[in-house]
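What follows is a single structure, written as structure tokens, with notes after it.
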Amino acid sequence: MQKRNITILGIESSCDDTSAAIVRDGVILSNVIASQKVHEEYGGVVPELASRAHQQHIIPVVDSAIKRAGITKDEIGAVAFTRGPGLLGSLLVGTSFAKGFSLARSIPLIEVNHLQAHVLALFIKEKGIEFNPPEFPFLCLLVSGGNSQIILVRDYLDMEVIGQTIDDAAGEAFDKCAKVMGLPYPGGPHVDRLAKEGDPFRFEFSRPRIPGLDYSFSGLKTNFLYFLRDQLKVNENFIQENKTDLCASLQHTIIQILLSKLKRAARETGIKEITIAGGVSANSGLRNALKESAQKFRWNLIIPKFEYTMDNAAMIAITGYFKYLKKEFVGQNVVPFARTQL
Ligand code: KG4
């Protein structure tokens, strides 16, 4: 049963984006994201710098989310925040802010699992835009910088991880291989862009043989690294001369690895309602490959809007909304977790 006029402030600070969003009755009113540029020169996120940047951003970001939503803070009925998984120092900033806000405003506090929120981003409603959510039960391929999972979603708050990476995540594979090629961080979008010009069948890289529905990407990363090292011994311009083919072949391998287990999960569960979430779901090659599989296997494929696939507070606020309806609140003694399961 849905109640009216439930306004939730969502806070996301698990990695290197500080974000705040306002959701009212499941409809997004604002979603503000401050990305941190400070990490670019290091080729990866530096945890201590991330938490300091969150401290600088959190108040202006929340302030602007409230203003853009056209509401006052008196109208906020609850505050939801990312409790984990993520970088502990970063999570601590969002958690502390949310606790303070809840205490000062005497409103409920709602903890949110970041991974669950990535899945529930599929249920974000936007004013005046057709709402096309998946039907339960569905499978979600959650692919981000820190996770690669296949999740069986039975209900908003009832999810089971049926396959996951045993080492690196797909996003990590993109980023680490991109770094070896001298591409800026995060490398995923750069590989995606360059892959469009290259031949995906030019080079063949290793694919893991992991039983069941689990993934592994560390073997591919090592294979890619050694392949480049050997080629550079013969031709020091090898990367420069073959960049687009390297990107296309790498991307093709990652997509094939992701899709093989997803197809297997669909076959084994008999579920044809398929969705995707997480930063890597922005990859154009992956989106096209999923569309092809959807046609072939008659899946009902639902791909969320690009801006909600990356880390954002709209997904935290919408998860907070579903938890609010079930009165799933937490006390002031709540602490963040660097690692959590769904
Ligand atoms: O979900 P997300 O924003 O946050 C983390 O889990 O950190 O995902 C970030 C990841 C990075 O690894 C980034 O390289 C990857 O998503 N990514 C992409 C693309 N856009 C972002 N990977 C491949 N192709 C893209 N277009």
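Readers should treat all values here as calculations from the given coordinates under stated rules, not as data from a laboratory. Because the structure is a prediction, the values reported are computed rather than measured. Note that we place each Cβ from the backbone using ideal geometry, even for glycine, and neighbour counts take in every protein chain shown.
Below, the figures for the structure above:
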{"quantity": "Cα centroid of the stretch 314-330 to Cα centroid of the stretch 39-69, whole Å", "calculated": "23 Å"}
{"quantity": "Alpha-carbon centroids, the stretch 138-190 and the stretch 201-222: separation in whole Å", "calculated": "14 Å"}
{"quantity": "With at most 11 other Cβ atoms within 10 Å, longest stretch of the chain clear of loop chymotrypsin sites (Phe, Trp or Tyr not before Pro) (DSSP)", "calculated": "202-342"}
{"quantity": "Set Lys73/Lys127; Lys127/Lys272; Lys179/Lys221; Lys176/Lys221 screened for pairs whose C-alpha atoms are more than 18 Å apart", "calculated": "Lys73/Lys127; Lys127/Lys272"}
{"quantity": "Net charge, Ala53 excluded, C-beta distance under 13 Å - Lys, Arg +1, Asp, Glu -1", "calculated": "-2"}
{"quantity": "Antiparallel DSSP beta bridges within the stretch 1-157, percent to nearest 5", "calculated": "65 percent"}
{"quantity": "DSSP bridge orientation in the stretch 128-279 - percent antiparallel, rounded to nearest 5", "calculated": "70 percent"}
{"quantity": "With at most 13 other Cβ atoms within 10 Å, longest stretch of the chain clear of loop GluC sites (Glu not before Pro) (DSSP)", "calculated": "1-129"}
{"quantity": "Built amide H within the under 5 Å cut-off of Thr165, gap 5+", "calculated": "Ser148, Tyr215"}
{"quantity": "Among the listed pairs Lys125/Lys291; Lys243/Lys263; Lys196/Lys296; Lys67/Lys291, those beyond 32 Å (Cα-Cα)", "calculated": "Lys67/Lys291"}
{"quantity": "Karplus-derived 3J(HN,Hα), 6.51/-1.76/1.60, for each residue of the stretch 7-19, Hz, glycine and proline x", "calculated": "10, 10, 9, x, 10, 10, 8, 6, 9, 10, 10, 9, 9"}
{"quantity": "Three semi-axes of the equivalent ellipsoid, the stretch 155-239, Cα gyration tensor, whole Å, largest first", "calculated": "29, 16, 11"}
{"quantity": "Rg to Rh quotient for the chain, alpha carbon positions, Kirkwood Rh", "calculated": "0.99"}
{"quantity": "The chain - share of DSSP beta bridges that are antiparallel (%, nearest 5)", "calculated": "60 percent"}
{"quantity": "log₁₀ of I(q)/I(0) at q = 0.08, 0.18 Å⁻¹ - the stretch 1-160, Debye sum with one point per alpha carbon", "calculated": "-0.24, -1.20"}
{"quantity": "Area projected by the alpha carbon convex hull of the stretch 76-170, averaged over all directions, nm²", "calculated": "7.7 nm²"}
